[in-house]
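Following: one structure in structure tokens, then a few remarks.
The values are calculated or read from the model by the stated rules, or taken from the named source; none is laboratory data. Worth saying up front: this structure is predicted, and the values here are computed from it rather than measured. Note: ideal-geometry Cβ built from the backbone for every residue, glycine included; neighbour counts use all protein chains shown. The protein model used for the area step is the full one, side chains on, heavy atoms only, and it has no ligands, DNA or RNA in it. Shrake-Rupley method; radii C 1.70, N 1.55, O 1.52, S 1.80 Å.
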Amino acid sequence: MEIKTNALMLRAVDYNENDKILTLLSAEYGKISAGIKGVKKPNAKLKFAAQPFCFAEYILAKRGDKFTVINCSECESFYDLRTDINKFYAASAVIEAVNALTYEGDECAEIFSECVRTLSDMCAYDEKLPLIKFLTFALRKSGYGIALDNCTECGADLVKAEKLRFDMDAGAFTCYGCGSGIGASQVTYNVLRKLDGKPYEKDFITDDGEKRALRLLREYFAYKTDNQLKSLSEYIRLI
Ligand SMILES: [Zn+2]
């Protein structure tokens, strides 16, 4: 039996001398493992199908519960993501997050289309904001949304608070005095509110605001999912 599906290449692992096993994210079938033969040979016709960020129509042969890629035509190569080191690590962080948050057999059409949109935005514009937006979206979809409202303990408005805390269990901010979470800056809180379309305090947004927000997202992601996003750490180091 053959299936044809639009999919994103999330991960490629060497297998045998010339083969690889790909982890694909398909809009229709969710996450799939599929072997691909001969792609490590220098002139392999389907080499591109095992490249990072490949978004393509894959044709898969299914035998029992195993898939093999038998053909592939590229929809979008996201070439700019491979030529700019900052974009490369930001996009790799998106792919790592998707790989950590999706499971074989799960429906994933929404995360798939948001991921494709994010990679395409990262090619066209600065990659920072698309990355923060994607991580908050993917966390929310997985049940780990970040609350950006008032202090969850006393109800105080936090937009102008000088020092805050972030409660990892609740995924929410509190006043510094109310909570027991990790210290968080007013910058991070206001950057996240701005990206979420909520009223924010302009004076509290600094040039390193996105970097601070990404550090918090990295810690929170690791806390909730037990996955370290290595590319995100590398990206934070670069910017
Ligand atoms: Zn409070």
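Over the Cα atoms of segment 2-76, what is the Rg over Rh ratio if Rh follows Kirkwood?
Expressed as Rg/Rh, it is 0.92.
How would segment 104-161 be classified by its alpha-carbon gyration tensor: rounded, prolate or oblate, with rounded meaning a/c under 1.5 and the a/b versus b/c comparison settling the rest?
Note, shape of segment 104-161 comes out oblate.
Can you give the three extents of the C-alpha atoms in the chain along their principal axes, from longest to shortest, in whole Å?
Its Cα atoms span 60, 35, 28 Å along the three principal axes.
Accessible area per residue of the chain at 1.4 Å probe, in Å²?
51 Å²
Which chymotrypsin sites (Phe, Trp or Tyr not before Pro) does segment 1-79 hold that lie in a coil by DSSP with at most 12 other beta carbons within 10 Å?
Y79
Select from L158, V98, Y79 the residue farthest towards the positive end of the dipole of the chain; place +1 on Cβ of Lys and Arg, -1 on Cβ of Asp and Glu, and compute about the Cα centre.
Toward the positive end, the furthest listed residue is Y79.
Considering only DSSP states other than H, G, I, E and B, which GluC sites (Glu not before Pro) in segment 73-127 qualify as loop sites with at most 12 other Cβ atoms within 10 Å?
E107
Show me the chymotrypsin sites (Phe, Trp or Tyr not before Pro) within segment 91-144 that DSSP assigns to loop and that have at most 13 other Cβ atoms within 10 Å of their Cβ.
Y103, Y125
Taking the Cα centroid of segment 1-78 and of segment 162-224, what is the distance between the two, rounded to the nearest whole Å?
39 Å
Mind checking which lysines have their C-alpha under 23 Å from K47, skipping anything on the same chain fewer than 8 residues away?
The qualifying lysines are K4, K20, K31, K37, K62, K66, K87.
Given a 1.4 angstrom probe, I'd like the percentage of the accessible area of the chain that is carbon and sulfur, rounded to a whole number.
Reported share for carbon and sulfur atoms: 45 percent.
Cα to Cα, under 16 Å, and not fewer than 8 places away if on the same chain: which lysines meet these conditions relative to K198?
K133, K160
Using Cα-Cα distances under 8 Å and only pairs 6 or more residues apart, what relative contact order does segment 157-239 have, in percent?
22 percent
Using r as the Cβ-Cβ distance of N71 and K163, and R0 as 45 Å, what FRET efficiency do you calculate, to the nearest 0.05?
Result of the calculation: an efficiency of 0.20.
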